[in-house]
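Take a look at the structure set out below.
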Amino acid sequence: MINGLGVAGWGVGGIEAEAAMLGQAMSMVLPGVVGFELSGSLKDGVTATDLVLTVAKRLRQHGVVGNFVEFYGKGMSEISLPDRATIANMSPEYGATMGFFPVDHVTLQYLKLTGRSDDTISMIESYLRANKLFMDYSQPEGEMAFSSRLKLNLQDVDPCVSGPKRPHDQVLLKDMKADWHACLDNKVGFKGYGIPKDDQSKIVKFEFAGIPAQVKHGDIVIAAITSCINTSHPSVMLQSGLLAKKACELGLHVKPWIKTSLGPGSRVVTKYLEKSGLLRYLQQLGFHIVGYGCTTCIGNSGDLDEPVASAIADNDIVVAAVLSGNRNFEGRIHPFTRANYLASPIVVAYALAGTVDIDFETEPIGLSKKGMEIFLRDIWPCREEVADIVQSNVLPEMFKSAYKTITEGHPTWNDLHVPSSRLYEWDPKSTYIHEPPNLKDISMSPPGPHAVKDAYCLVNLGDSITTDHISPGGNIHKDSPAAKYLMKLGVDRRDFNSYGSRRGNDEVMVRGTFANIRLVNKLLEGEVGPKTIHIPSGEKISVFDAAMVLFNYFLIKFGTERR
């Protein structure tokens, strides 16, 4: 998000970050810079999420992998700082190394809002102007050199979501119902589930907490305002609160078996939700604050209630999660949600409707206390209403009070024992951080490459293979090699946590390689899952087990010197 403030920086993967902490060097290719020109202004009813999902689609189509993207143009004055941060935060999803916004008057206004002193802001502006790094759109634009360019008129942005399996597969809200049915029809792929026509209307009934319930294709079982791309955005968060308020006043509610959660991007968000009086309405609909770190987007939403999980698993129902995060790859959000859509603040509306199989324009999201049909337009706040509540509730004092003690830490953190040695003291009992074998007895001289001979294919994969397929970040499945390893060490299943949290343990990660439960290995001829065919036996086993069979074979054949 820092790139939205004109602070250049980019993220690396968890494994690379830990390697750097251990003193390993990193390299990168000098990137090209793609210029993205913005013009016009957003229409009423269009949110920052609609904008960022549109930008993600355009940039994916253009192809920006390994590049920096710099935004510029007259439309920049219409893009708020939180909007910019939202777009910048989505850079991994549109494939760029960085999405950068130069510092301008909008940036300075945000610095003032968040409690910076006038002297500090004046110094920043003077310094950047003197070094020709300040963008002043009231002045004629100079010629800027880019590797390539593309344009977007903000007037062309329409309400949308993205999914069901990739963040750049944008779906206009008006087309959502038709797109969903097409996904059910299409063969298994990024936009398909291959559900036979006769099964698409199947309804599974079950009992939940003593009341009758049912689930069908397209029903929502997880709705999360998750601590990620939108949850430090005042307009989006307060708009979600206004949606909840209007819904509660009309008597609408969320089905009790839908798992709802609220993970604000910072404690300041909680402050302005409380001050505005909107937090209680979100909580009334089940959106209770669950924390301030990564939640549903990284697979930390927790288990579904057993009756819901059984109804889904036993009947092969394609259910959905709707979340305000930025990643929705299969197997990441939850093992049972094969459809996952990125959206905000309309997450609240989808939770109320209880399904993605809906046309919000023509179909009601529920019935009022008086039995009247309520449509999305009946509870959707207008731009002026959102602006007014932001203006009166998001105050500089909130940022000052939240961050004035930030460097003091928390007693729980401060009481941790910190070793005094410069080198990390490996703990052989730790199941989170483990000394990798390649760091033991490491030589100053690289051993050189070994010839590859008579090798067999381990996995045969298609397009759009992401790090989530190669090195999943979600839950550790109870039947996976990683789970068996942890159980052998005495770790209880409820303490498995996620692959992301255990990336410091090579034993877990090697077992998690290609462990995505929705992996499509062409060697399995249509079967989905983290398995492969062992050659020459033809046995279907986990990718890890197949690799270990080959490893042990070569160990016996060539001896430990080739290890």
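If we only count helices (runs of 4 or more DSSP H) wholly inside region 1-97, which ones have 1 or more residues that are of a type in the set (G, A, S) and either touching a strand residue (DSSP E or B) at 6+ places or on another chain (Cβ under 9 Å) or surrounded by 19 or more Cβ atoms within 10 Å (Cβ to Cβ) (or both)?
On the way: elements: 14-21, 48-62, 81-89, 91-94.
Correct list: 48-62, 81-89, 91-94.
Kindly establish whether S464 is of a type in the set (S, T, N, Q) and assigned to a loop (DSSP other than H, G, I, E, B).
Yes; evaluated as a whole, the condition is true for this residue.
Can you report the number of residues in region 485-496 which are surrounded by 21 or more Cβ atoms within 10 Å (Cβ to Cβ) and in a loop (DSSP other than H, G, I, E, B)?
Matching residues across region 485-496 total 1.
Tally time: how many residues in region 98-110 are outside any helix (DSSP H, G or I) and either of a type in the set (A, V, I, L, M) or open to solvent by 30 Å² or more (accessible area, probe 1.4 Å) (or both)?
Residues in region 98-110 being outside any helix (DSSP H, G or I) and either of a type in the set (A, V, I, L, M) or open to solvent by 30 Å² or more (accessible area, probe 1.4 Å) (or both): 3 in total.
Going through region 247-271 one residue at a time, which ones are among the hydroxyl-bearing types (S, T, Y) and at pLDDT below 95? Please lay out each step first, then the result.
As a first pass, look at region 247-271 and keep what is among the hydroxyl-bearing types (S, T, Y): 260-261, 266, 270.
Of everything in region 247-271, those that are among the hydroxyl-bearing types (S, T, Y) and at pLDDT below 95 turn out to be S266, T270.
Do we find a residue being open to solvent by less than 60 Å² (accessible area, probe 1.4 Å), modelled with pLDDT of 95 or more and part of a helix (DSSP H, G or I) anywhere in region 150-161?
There is at least one residue in region 150-161 that is open to solvent by less than 60 Å² (accessible area, probe 1.4 Å), modelled with pLDDT of 95 or more and part of a helix (DSSP H, G or I).
Give the residues of region 378-389 that are touching a Ser or Thr at 6+ places or on another chain (Cβ under 8 Å) and either under 21 Å from G251 (Cβ atoms) or open to solvent by less than 30 Å² (accessible area, probe 1.4 Å) (or both), sorted by residue number.
Within region 378-389, V386, I389 qualify.
Of everything in region 310-322 that's at pLDDT 95 or above and hydrophobic (A, V, I, L, M, F, W, C), which residue is nearest to L342 (Cα to Cα)?
Only one residue fits best here, namely V322.
Within region 417-436, restricting attention to residues that are among the hydrophobic types (A, V, I, L, M, F, W, C) and open to solvent by 100 Å² or more (accessible area, probe 1.4 Å), which residue is modelled with the lowest pLDDT?
L423
Of the numbered conditions (1) modelled with pLDDT of 95 or more; (2) on the phi > 0 side of the Ramachandran plot; (3) of a type outside the set (F, W, Y), K275 fails exactly one; give the number of that condition.
Failed condition: (2).
Looking only at residues that are small (G, A, S) and under 24 Å from G500 (Cα atoms) in region 283-300, which one is modelled with the highest pLDDT?
G291
Residues in region 179-199: is at least one of a type in the set (S, T, N, Q) and free of Cβ contacts under 8 Å to residues at least 24 places away in the same chain?
Restricting attention to region 179-199, the residues satisfying the condition of being of a type in the set (S, T, N, Q) are 186.
When the remaining residues are screened for being free of Cβ contacts under 8 Å to residues at least 24 places away in the same chain, the result is 186.
Scanning region 179-199 turns up at least one residue that is of a type in the set (S, T, N, Q) and free of Cβ contacts under 8 Å to residues at least 24 places away in the same chain.
Can you tell me how many residues in region 463-484 are at pLDDT 85 or above and open to solvent by less than 50 Å² (accessible area, probe 1.4 Å)?
Final tally of qualifying residues: 5.
List pairs: first in region 115-128 and on the phi > 0 side of the Ramachandran plot, second of a type in the set (D, E), Cβ under 9 Å, 6+ apart or cross-chain?
Sorted first by the residue in region 115-128, then by its partner, the pairs are G115/E397.
Please determine whether any residue of region 454-470 is of a type in the set (S, T, N, Q), out of contact with any Asp or Glu (no Cβ under 7 Å at 6 or more places or on another chain), on the phi > 0 side of the Ramachandran plot and in contact (Cβ under 8 Å) with a residue 40 or more places away in the chain. Talk me through it step by step, then tell me what you get.
Of the residues in region 454-470, the ones of a type in the set (S, T, N, Q) are 460, 464, 466-467.
Among the residues that remain, those that are also out of contact with any Asp or Glu (no Cβ under 7 Å at 6 or more places or on another chain) are: 460, 464, 466-467.
So of that shortlist, the ones also on the phi > 0 side of the Ramachandran plot come out as 464.
Now narrow it down to the ones that are in contact (Cβ under 8 Å) with a residue 40 or more places away in the chain: 464.
Yes, region 454-470 contains a residue that is of a type in the set (S, T, N, Q), out of contact with any Asp or Glu (no Cβ under 7 Å at 6 or more places or on another chain), on the phi > 0 side of the Ramachandran plot and in contact (Cβ under 8 Å) with a residue 40 or more places away in the chain.
So which pairs qualify, if the first residue must be in region 528-546 and over 19 Å from H469 (Cα atoms), the second must be assigned to a strand (DSSP E or B), the Cβ gap must be under 8 Å, and the two must be at least 6 apart or on different chains?
H534/K540; H534/I541; E539/I533
The values are calculated or read from the model by the stated rules, or taken from the named source; none is laboratory data. Quick caveat: nothing in here was measured; it's all calculated off a predicted structure. For neighbour counting, all protein chains shown are included, and Cβ atoms are generated from backbone atoms with ideal geometry for every residue, glycine included. Surface accessibility is based on the protein's heavy atoms, side chains included, excluding ligands, DNA and RNA. Shrake-Rupley method; radii C 1.70, N 1.55, O 1.52, S 1.80 Å.
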